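One structure below.
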Amino acid sequence: MTPAGSLLVAEALHKSFGQTHALDGVDFSIHPGEVVAVMGPSGSGKSTLLHCLAGIVLPDSGTVRYGDHEVTGMNDAQRSALRRADFGFVFQFGQLVPELTCLENVALPLRLNGVKRKEAQRHAREWLERLEVEDTGGKRPGEVSGGQGQRVAVARALAARPRVIFADEPTGALDSLNGERVMTLLTDAARDTNAAVVLVTHEARVAAYSDREIVVRDGKVKDMLAGLR
Amino acid sequence: MEKDRRHLVGRWCRDLGMGVRFAVGGGREGWIRTALTALGVGLGVAVLLTAAAVPHAVSTAVARDQARSDTFSPRSTAATDRTLLVAQTDTAYRDRSVRGRLVRPDGDRPATPPGVPRLPGPGEMVVSPALADLLASSDGADLRDRFRGVRTVGRIGAEGLTGPDELAYYQGSDRLTGVRAGTTRITSFGGGPEAAFPATDPQLLLSVLVGSVALLVPVAVFIAAAVRFGGERRDRRLAALRLVGTDRATTRRIAAGEALAGALLGLLIGAAVFLAARYPLSGIRVLDFGVFPSDVVPDWRLAALVALAVPACSVGVALLTMRRITVEPLGVTRSAPPVRRRLWWRLLLPVAGAALLWPMAVGGVAMVGVWAAAQVVAGTSLLLLGVAALLPWLLDAVVSRLGAGGGPSWQLAVRRLQLSTTAAARSVSGITVAVAGVVAVQLLLAGVQTNELPDPLPAPREHQMVVADRDGELPVAGAPGMFERLRETRGVRSVYGALLSYAGPLPSEGHRAPAGGAPDEESYPVRYRLVVADCDALRQMVRTDRCVDGDTFYAPPKVSREDGTETGLLAADAPPVPRPGTRLAVSPDAGNRPAAWTVPRTVRTVDTLPNFFSLHEANLLATPGALDPALLRSPSTEFEVHLDPDRPEAVEYVRNTAAQTDPRLQAMPLWDTSTRSSERQPELYDIVRAALQAGAVGVLCLIGAGLLISVLEQLRERRLLLSALDAFGTPRRTLGRSVLWQTAIPVVLGLALAVGCGLSAGLLLLHLVHKPMLPDWPGIAALAGTAGAVVLTVTALSLPLLWRLMRPDGLRTE
């Protein structure tokens, strides 16, 4: 079943690593502005699902459709271009480029999209302000705290105004206070820009920021609201 | 006290041993690190062992060459059972030299050269294995004609050759009839002056010393860098050791032990690489000078020094590096914040080096003896190490001013370098030292050679050859036949020939000719070069608008100038202009009663044209109608041969025609400047220059290997980040270009510094030998090009790993 108005839809995804079935017939969909939490224990396949949805890896079978595009039918260069233009990413440890300043890190996706340096940095500065880390602009990632770094990573993910944000354990390396602040800022900003958020987490309090939760276990997905619909 | 010392030594041994055990038994991570260090150290050790083997290889090759020499052999005027006549018939085939000798024993028990148990008889020859192979192959088809009618009866043994690939032969001949200008009678082979390499020539010694320092210092720098390969992984392991209670001093010693393991393994790898490389190395010929693999043996003292110094160096470098690192139980911190690099102490090294060399440069102190050599080596080493010390400061100073305004790839590279230039400087310093040293030595060699040996020859001529019988072996009667044969040779367009001899005052006018041999200037202070040729040939030699058979010309000698642009007779020694009607003796040195010839009344004074006929003296040029060639006694014959540009093999056909007429005829292309210069310049300079260039390329490749390992290690450390960059759509080419910029920026800066410092050092060294400066720009450009190629190769070779690391596997954290 493909819910009407979905932005990103996956059907019957299968992905194996050797003998391990990471995804075993997974269906998934998300609407614009929706926040969906993907939960599950370690090794359940939730990160693999995120990678397949984002076109980082191709499933063994099944399709991923983004708007009118079939992501699974694209070549590597097309998928890279799609990720550059329409997707944003937040990882557990931020994965900021250590040699660039925080401002340059946030501006990087824009620059990869061909935006001029000054224009990119102006946008980046706005996002840093919005994420309440404007004072980190001239610093390198190694010179800021973990919480600040993760907010910079969120700013980087949002800077290019993506239509889908993929967040893989975005608060996994933060204390609860910082984690909650980061989640508030991320989900607020996403809703403001009508971006969909695929949030991979194993923490219930992080999943609480989502509109909907699905659980991945042994490569299969269970939609927690399915029974209520 | 004694107990404390024993305790300290024991603790060191225990900790170093523990480090060694960690290195070899530390699982995959430990093995990777040890293998990286061992590989780097091994490559460096192989180069050092090769360098240590060079003196023995060269001296053995020189000894082999001397043992077969007939140049300085004891001579005899009388034929005996032991004597033989020998004539040099060296030739060339394509770009390779062929050593040749004609031999004719006087008796039954002639002396034989090394490697030849029996001299070949007439129509026979013995050849080197390489020449035999070439003659038997399709490649040697054009060479076989040169030996038409000569039967190969044996091989020259290894003891009679300088290298396994040498082309050489001894041919028996009954044409050798007695001692003449090109034929000598010897009683044995060998002899000659003691090998002069390199002690008696201070300029050459200086070049060799500086060249060795220039090539070996980067190897030492490289080995020091190799000890740090995989340092990041090791540091994480040391943090774990601190967590279980090891103190800082112990962790440093354990780290040194790990480096020691890599260095020891590297010694073994280096020895194995050296042994394996001896065979391919012996195949490399420098100026036709090769060596047998068995001759490539390192001096045992130098080998022992390498075996001791490399492990000691690894321990020292590891301890020194660890002083700047704080290993804590929860991780490793560098001695942050990064300190601003100071310039003043970095200048001390080159200043100290210059201070050591300066007194020798300006004081006119002779560079003689061990101390002087040590002073030069120390001064040069300090100068070159100064370059390595200046590089990090220069990198910091320049990189910090570079804007990040270019594309993302430029921004990533510049920012990466701004974060830390240490790794970049460490990798590039070797290139910098090598290039600076080689630039200095090339400058020195260019200055020495150019000043001493001005080239009086005109510019090389494409598609022209000269065939000459400069020893008068070809009978005058044979000259027309030779002329015809050359003209009919495939690929020949035109031939100009001339007979050359001398003319001087008649003996009755107060001068007697010597009994034989070359003209004696003491006996004949007034002497003219006599050239007999037709008008076509004369027009190739002199500037004249009209010439008919019966004409005679006088071309005054060129006079030497102070700047060496022309050579010839000094003005004071030039003979007077021959007056018409003057009676001269023709070929006065060829025996008694030379023919008399009267200078015609129509003689005209003309200028000579630049050409390859022997026209360096005062010349009388006559057409056959003015001077009957039959009057000349044993004239030398020269032919200028113009070839068809579309027949590149014509040169071999001409050589074959000449050899079939008489192997003693010289046939030389006029466009081959190396052949021309080698006739005039000491070969040792060329060997040093060529060895230096080959060594520089080798060292640059070695450093390239180090650079590659360093780049790959950095990429592996950034695996997670690269995957993340790929995730948000960073194109591969952006990251590929970033690696290129990251490698190229330090190398370009290093090269600029190296060329600047190399030229300065070269200038100083030229002062030592009082020579003018003449930079070898093509050589510098070639080195810069090689370094550029190293950068591109390193980048290209790192791309596969980069692509692999950009896969999503790196994002997995569970």
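Residues in region A:95-111 that are over 18 Å from the mean Cα position of the chain (by Cα) and not β-branched (Val, Ile, Thr) were compared, and the one that is surrounded by the fewest Cβ atoms within 10 Å (Cβ to Cβ) is A:PRO98.
Taking the criterion of being closer than 22 Å to A:LEU82 by Cα, touching a Ser or Thr at 6+ places or on another chain (Cβ under 7 Å) and more than 8 Å from chain A (Cβ to nearest Cβ), no residue of region B:712-734 qualifies.
Return yes when B:LEU412 is in a helix (DSSP H, G or I), modelled with pLDDT of 75 or more and within 28 Å of the chain's Cα centre (by Cα) and no when it is not.
Values: in a helix (DSSP H, G or I): yes; modelled with pLDDT of 75 or more: yes; within 28 Å of the chain's Cα centre (by Cα): no.
In short, no.
Which condition number does B:GLY472 fail, the rest of (1) open to solvent by less than 30 Å² (accessible area, probe 1.4 Å); (2) at pLDDT 80 or above being met? In the conditions (1) open to solvent by less than 30 Å² (accessible area, probe 1.4 Å); (2) at pLDDT 80 or above, B:GLY472 misses (2) alone. Counting only residues that are open to solvent by 20 Å² or more (accessible area, probe 1.4 Å), of a type outside the set (Asp, Glu) and more than 20 Å from B:PRO280 (Cα to Cα), region B:122-145 holds 8 of them.
Every condition in (1) at pLDDT 85 or above; (2) away from every other protein chain (no Cβ under 14 Å); (3) surrounded by 19 or more Cβ atoms within 10 Å (Cβ to Cβ) is met by B:LEU692 except one, and the failing one is (1).
The set of residues in region B:11-23 that are open to solvent by 40 Å² or more (accessible area, probe 1.4 Å) and not aliphatic (A, V, I, L, M) comprises B:ARG11, B:TRP12, B:CYS13, B:ARG14, B:ARG21, B:PHE22.
Name the residues in region A:81-94 that are touching a residue at least 24 places away in the same chain (Cβ under 8 Å) and either open to solvent by 20 Å² or more (accessible area, probe 1.4 Å) or assigned to a helix (DSSP H, G or I) (or both), would you? Write out each step before concluding.
Residues of region A:81-94 that are touching a residue at least 24 places away in the same chain (Cβ under 8 Å), as a first pass: A:82-94.
Within region A:81-94, A:LEU82, A:ARG83, A:ARG84, A:ALA85, A:ASP86, A:GLN92, A:PHE93 qualify.
Tallying residues that are more than 10 Å from chain B (Cβ to nearest Cβ) and without any contact (Cβ under 8 Å) to a residue 40 or more places away in the chain within region A:104-115 yields 1.
Filter region B:618-645 down to residues that are closer than 20 Å to B:THR602 by Cβ and assigned to a loop (DSSP other than H, G, I, E, B) and give me whichever is most open to solvent (accessible area, probe 1.4 Å). Explain how you work it out, then say what you get.
Looking only at region B:618-645, we keep the residues that are closer than 20 Å to B:THR602 by Cβ, and these are B:618-629, B:631.
Narrowing the set further to residues that are assigned to a loop (DSSP other than H, G, I, E, B) leaves B:618, B:623-628.
On the way: B:ALA618: 0, B:THR623: 1, B:PRO624: 56, B:GLY625: 54, B:ALA626: 22, B:LEU627: 1, B:ASP628: 84 Å².
Applying the filter and picking the extreme gives B:ASP628.
How many residues are crowded, with 22+ Cβ neighbours inside 10 Å and in contact (Cβ under 8 Å) with a residue 12 or more places away in the chain when one looks only at region B:714-734? So that I can check it myself, show each step before the final result.
The first filter runs over region B:714-734 and keeps only residues crowded, with 22+ Cβ neighbours inside 10 Å, leaving B:722, B:724-730.
Subset that is in contact (Cβ under 8 Å) with a residue 12 or more places away in the chain: B:722, B:724-727, B:730.
The total comes to 6.
Residues in region A:3-30 that are crowded, with 18+ Cβ neighbours inside 10 Å and not in a strand (DSSP E or B): A:SER6, A:LEU7. Considering region A:31-77, and only residues there that are in a strand (DSSP E or B) and either at the interface with chain B (Cβ under 10 Å from one of its Cβ atoms) or in contact with a Lys or Arg (Cβ under 8 Å, 6 or more places away or on another chain) (or both), the residue that is surrounded by the most Cβ atoms within 10 Å (Cβ to Cβ) turns out to be A:VAL38. Looking at B:GLN742, is it at pLDDT below 80, under 27 Å from A:PHE93 (Cβ atoms), in a helix (DSSP H, G or I) and within 14 Å of chain A (Cβ to nearest Cβ)? For B:GLN742, the condition - at pLDDT below 80, under 27 Å from A:PHE93 (Cβ atoms), in a helix (DSSP H, G or I) and within 14 Å of chain A (Cβ to nearest Cβ) - is not met.
Looking across region B:24-57, the residues that are open to solvent by less than 40 Å² (accessible area, probe 1.4 Å) and either touching a strand residue (DSSP E or B) at 6+ places or on another chain (Cβ under 7 Å) or over 24 Å from B:PHE222 (Cβ atoms) (or both) come down to B:GLY26, B:GLY27.
Taking (1) within 13 Å of chain B (Cβ to nearest Cβ); (2) more than 19 Å from B:GLN411 (Cα to Cα); (3) among the hydroxyl-bearing types (Ser, Thr, Tyr) in turn, A:THR101 satisfies each apart from (2).
The values are calculated or read from the model by the stated rules, or taken from the named source; none is laboratory data. This one's a predicted model, so the numbers in the text were calculated from it and none came from an experiment. Note: ideal-geometry Cβ built from the backbone for every residue, glycine included; neighbour counts use all protein chains shown. In case anyone asks, the SASA skips ligands and DNA or RNA and just uses the protein heavy atoms, side chains included. Shrake-Rupley method; radii C 1.70, N 1.55, O 1.52, S 1.80 Å.
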